[in-house]
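The values are calculated or read from the model by the stated rules, or taken from the named source; none is laboratory data. This structure is a prediction, so every number in the text was calculated from the model and none was measured. Methodologically, a virtual Cβ is constructed for each residue, glycine included, from the backbone with ideal geometry; neighbour enumeration extends over all protein chains shown. The protein model used for the area step is the full one, side chains on, heavy atoms only, and it has no ligands, DNA or RNA in it. Shrake-Rupley method; radii C 1.70, N 1.55, O 1.52, S 1.80 Å.
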2 protein chains.
Amino acid sequence: VSRVLLTGATGFVGRETLAALARDGHEVHTAARHRPDEASAGVHWHEADLLADRGSAARIMAASRPEVLLHLAWYAEHGRFWTAPENLDWVEASLRLLREFARTEAARRVVMAGTCAEYEWTRSVYVEQDPCVPRTLYGAAKHGLRVVAESFAAEHGLSFAWGRLFFVYGPGEVPGRFVPAIVRKLLAGEPAPMTAGAQIRDFLHVADAGAAFAALATGGVQGPVNVASGVGVSLRDVAALIAGQTGRAELLRAGAIPTPTDEPPSLVANVRRLRDEVGWRPRIALDEGLAATVDSWRGA
Amino acid sequence: VSRVLLTGATGFVGRETLAALARDGHEVHTAARHRPDEASAGVHWHEADLLADRGSAARIMAASRPEVLLHLAWYAEHGRFWTAPENLDWVEASLRLLREFARTEAARRVVMAGTCAEYEWTRSVYVEQDPCVPRTLYGAAKHGLRVVAESFAAEHGLSFAWGRLFFVYGPGEVPGRFVPAIVRKLLAGEPAPMTAGAQIRDFLHVADAGAAFAALATGGVQGPVNVASGVGVSLRDVAALIAGQTGRAELLRAGAIPTPTDEPPSLVANVRRLRDEVGWRPRIALDEGLAATVDSWRGA
């Protein structure tokens, strides 16, 4: 059992990470701007605005004395996060959090969330040691943070891992993103416009993503680790699976939206490290996960 | 003529950069904690503590309205800077400065100081596109900053260059470093201990380093640029040149200090970009530069 401080615990992946840690019996402390109404039993909530309140990191550390820092919080506003200046706020806040963590007596291990947007998008399947030449400010901010944080952790004798998320879907995803956008249109009986959908992506159910981060946080593997399914699927096929669940395939409008010219054709993870070194593998197949996602939107 | 805001203007390289910019007739504004007693004519000094006073960046921008930001300020305490947590303070302060700069109307170009410590130290001569896998926190902080800052600049339509310094020497260098340490011992008639000195390094006179940054700031070349001489010389040969100037070769104690096992054997720059794209080359040969350095310490 470890004492874990989790940031971003009210976010899409964070909620599932929190559930996984609590299920495994860890002592979980969370930093969040607002404690949610249905807070899990046994979870210690610390109200803090890590961006606006520069003193909050030190206060949370003093109150929670974590052995493990699991830092998922970041700016995630759909459509804006790729280019928003808030990415720089989070570089700053993340480094501040790490420094305060390094000062706490029990501090032992840090895990942070990275992204497939760190990689140079010139391949189709990505392994952790592939070159990182981010094309977006979001990817650059995450990559830059990783470089500094990993070195700082080494300097302070902390074990450090960096979980690179690819594409996460599932109940609770914000409405504008690909899966919920298709699901909602089809459930409403409306045409669902999309690109031709030839892009290959690596989708992981959010409950699996949370469980993977919990495994990473309480394990000992160091350095970058892809957090993904390792399975590539085209957006067209994802849409077809959703259509199969809703029975409205005729409403799919593949090709109605032009594919952006700078869209990478394939973003799929090599998951050897996650499977063989962390010892974790996903439990939820894509068709099951999409079925559950469709159900979560019925009547919503 | 450009309106340039220079940070670190009271530092080792910054003083020479300021002189070069002023000589070329640019309108120079500087941010420094204290205005030096002998301030150059025509230079606008803005007192500011970029680390401690978070509001200072915005105030300086409003007061100076720069077209070019030339950011050299960093933590440089000899012996400590490789591993000090202050490197993280400077990542933060540098990003804040960049953001405030991007908000100013005339903002056009950013130049920042990088380091040969960004490179993966597995080669002997380094070209700008070589892999960056820093071995030190200093190198990691600089590299991480570059990744984020370059992307942010692109997002905001700013031209961006990053000057990677190798080894800078000359009058005014802090006493503990290699060149002044040897010079002072020999001038004092005392034995000068050093490693066997087989390490090959790329030395650039500080006046040349300042002139190179001035050329970079007022030119248009983008991305990383090595700021160095392109000439590799062993520390033993540097020491021998100093001994030749002081006439006390018999006091050199090569081998008296064990060479650290993690010391890279060669750090030399490929300077094609600086020479052919920036159109700049050094003026001060190593023997002349060392002679001037020895003179600067006589009677000091």
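General observations
- Taking region B:243-283 as the range and being of a type in the set (A, V, I, L, M, F, W, C) and farther than 19 Å from B:R164 by Cα as the test, the residues that pass are B:A243, B:A249, B:L251, B:L252, B:A254, B:A256, B:I257.
- Selected residue (criterion: nearest to A:L69 (Cα to Cα)) from residues of region A:1-45 that are over 21 Å from the mean Cα position of the chain (by Cα) and among the small types (G, A, S): A:S2
- Selection from region B:199-220 of residues that are open to solvent by 20 Å² or more (accessible area, probe 1.4 Å) and in contact with a strand residue (DSSP E or B) (Cβ under 6 Å, 6 or more places away or on another chain): B:I200, B:F203
- Among the residues of this structure, A:H143 does not count as one that is surrounded by fewer than 19 Cβ atoms within 10 Å (Cβ to Cβ) and under 19 Å from A:Q222 (Cβ atoms).
- Residue in region B:216-234 that is within 23 Å of B:E77 (Cβ to Cβ), in contact with a helix residue (DSSP H, G or I) (Cβ under 9 Å, 6 or more places away or on another chain) and either assigned to a helix (DSSP H, G or I) or aromatic (F, W, Y) (or both) present: no
- Filter pass, B:R15 being among the charged types (D, E, K, R), touching a residue at least 24 places away in the same chain (Cβ under 8 Å) and over 20 Å from B:R108 (Cβ atoms): yes
- Here B:G114, B:G157 are screened, and the one residue that is at pLDDT 95 or above, out of contact with any strand residue (DSSP E or B) (no Cβ under 8 Å at 6 or more places or on another chain) and of a type outside the set (D, E) is B:G157.
- Among (1) open to solvent by 10 Å² or more (accessible area, probe 1.4 Å); (2) more than 18 Å from A:A76 (Cβ to Cβ); (3) within 13 Å of another protein chain (Cβ to nearest Cβ); (4) not aromatic (F, W, Y), the one test that A:A149 misses: (1)
- Of the residues making up region A:63-87, those that are of a type in the set (G, A, S), open to solvent by less than 30 Å² (accessible area, probe 1.4 Å), under 20 Å from A:F213 (Cβ atoms) and within 20 Å of the chain's Cα centre (by Cα) number 1.
- Qualifying residue in region A:158-175 (condition: within 14 Å of chain B (Cβ to nearest Cβ) and open to solvent by 10 Å² or more (accessible area, probe 1.4 Å)): yes
- Members of region B:14-25 found to be open to solvent by less than 30 Å² (accessible area, probe 1.4 Å) and over 19 Å from B:F160 (Cβ atoms), listed by number: B:G14, B:L18, B:A20
- Residues of region B:117-137 that are crowded, with 23+ Cβ neighbours inside 10 Å and more than 9 Å from chain A (Cβ to nearest Cβ): B:A117, B:E118, B:Y119, B:Y126.
- For region B:245-260, residues that are in contact (Cβ under 8 Å) with a residue 40 or more places away in the chain and in a helix (DSSP H, G or I) total 3.
- For region B:26-45, the tally of residues that are in contact with a helix residue (DSSP H, G or I) (Cβ under 7 Å, 6 or more places away or on another chain) and open to solvent by less than 60 Å² (accessible area, probe 1.4 Å) stands at 7.
- Selection count where residues are more than 21 Å from the chain's Cα centre (by Cα) and at the interface with chain A (Cβ under 9 Å from one of its Cβ atoms), scope region B:96-116: 2
- Count - residues of region B:261-287 that are without any contact (Cβ under 8 Å) to a residue 12 or more places away in the chain and either of a type in the set (K, R) or open to solvent by 60 Å² or more (accessible area, probe 1.4 Å) (or both): 3
- Restricting region B:63-95 to residues that are within 12 Å of chain A (Cβ to nearest Cβ), outside any helix (DSSP H, G or I) and of a type in the set (A, V, I, L, M, F, W, C), the residue that is nearest to B:V227 (Cα to Cα): B:W82
- Any hit, region B:46-62, residues being within 14 Å of chain A (Cβ to nearest Cβ), crowded, with 17+ Cβ neighbours inside 10 Å and over 19 Å from the mean Cα position of the chain (by Cα): yes
- Filtering B:T218, B:T195 for residues that are under 30 Å from A:G144 (Cβ atoms), touching a Lys or Arg at 6+ places or on another chain (Cβ under 9 Å) and more than 14 Å from chain A (Cβ to nearest Cβ) leaves a single hit, B:T218.
- Residue check for B:R248: over 20 Å from the mean Cα position of the chain (by Cα), on the phi < 0 side of the Ramachandran plot and surrounded by 15 or more Cβ atoms within 10 Å (Cβ to Cβ): yes
- Flag for B:P193 being touching a residue at least 40 places away in the same chain (Cβ under 8 Å), more than 30 Å from B:V4 (Cβ to Cβ) and open to solvent by 10 Å² or more (accessible area, probe 1.4 Å): yes
- Enumeration of residues in region B:88-115 that are surrounded by fewer than 23 Cβ atoms within 10 Å (Cβ to Cβ) and either farther than 16 Å from A:L95 by Cβ or in contact (Cβ under 8 Å) with a residue 60 or more places away in the chain (or both): B:E100, B:A102, B:R103, B:T104, B:E105, B:A106, B:R108, B:T115
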